[in-house]
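The structure appears below as structure tokens.
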Amino acid sequence: MAKDGLTPMMKQFYDFKAQHPDALLLFRCGDFYETYADDAVAASEILGITLTKRNNGKGGQTIEMAGFPFHALDTYLPKLVRAGKRVAICDQLEDPKMVKGLVKRGVVEMVT
């Protein structure tokens with residue numbers, strides 16, 4: 001996917017997704033782990049959570065999104081693994097309250 005016109009956060013997401021294309025990427029955004037695009041479709045089906053859309057950048061582009069509260073990771077992660085998914089957990093590496101702009105994130109764990 002071309003990154004022109006994407007929001008900085010979505011560029012960050014796609015950079016991590018490119019590093020882990022075979023994994024479902026749980027992308028931490030504040031109090032939630034979010035999934036996007038094909039990962040969101042798969043997560044919504046496996047986990048029984050709502051599939052929605054979010055703005056993907058300029059031009060009115062939207063992308064599929066599904067997420068759950070970060071404190072529910074222990075509930076949802078085993079369901080993804082039992083469904084045969086390899087999961088990349090991408091967490092916030094700095095306190096969002098202390099940062100102006102984009103929060104630094106990194107894949108902190110791979111679960112199979």
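One table, with the values for the structure above:
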item	result
Residue selected from the range 93-112 under the condition part of a strand (DSSP E or B) and farther than 12 Å from residue 16 by Cα, by the criterion least open to solvent (accessible area, probe 1.4 Å)	111
Output for the range 61-87, where each listed residue is in a loop (DSSP other than H, G, I, E, B) and surrounded by 16 or more Cβ atoms within 10 Å (Cβ to Cβ)	85
The one condition in (1) within 23 Å of residue 5 (Cβ to Cβ); (2) free of Cβ contacts under 8 Å to residues at least 24 places away in the same chain that residue 95 fails to fulfil	(1)
The lone exception for residue 7 - which of (1) open to solvent by less than 70 Å² (accessible area, probe 1.4 Å); (2) within 22 Å of residue 76 (Cβ to Cβ) it fails	(2)
Unmet criterion (only one of (1) among the acidic types (Asp, Glu); (2) out of contact with any Pro (no Cβ under 7 Å at 6 or more places or on another chain); (3) more than 18 Å from residue 17 (Cα to Cα)) for residue 64	(3)
Residue tally, condition open to solvent by 30 Å² or more (accessible area, probe 1.4 Å) and assigned to a helix (DSSP H, G or I), over the range 24-60	7
Among (1) touching a Cys at 6+ places or on another chain (Cβ under 8 Å); (2) open to solvent by less than 70 Å² (accessible area, probe 1.4 Å); (3) not basic (Lys, Arg) - the single one residue 90 does not satisfy	(1)
Tabulated pairs, the range 73-88, first on the phi < 0 side of the Ramachandran plot, second at pLDDT below 95, C-beta under 7 angstrom, 6+ apart or interchain	81/112; 86/112
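The values are calculated or read from the model by the stated rules, or taken from the named source; none is laboratory data. It should be emphasised that the depicted structure is a prediction, and the values quoted were computed from it without experimental measurement. Neighbour counts are summed over all protein chains in view; Cβ atoms, including those assigned to glycine, are modelled from backbone coordinates with ideal geometry. For accessibility, only protein heavy atoms count, side chains too; no ligands or nucleic acids. Shrake-Rupley method; radii C 1.70, N 1.55, O 1.52, S 1.80 Å.
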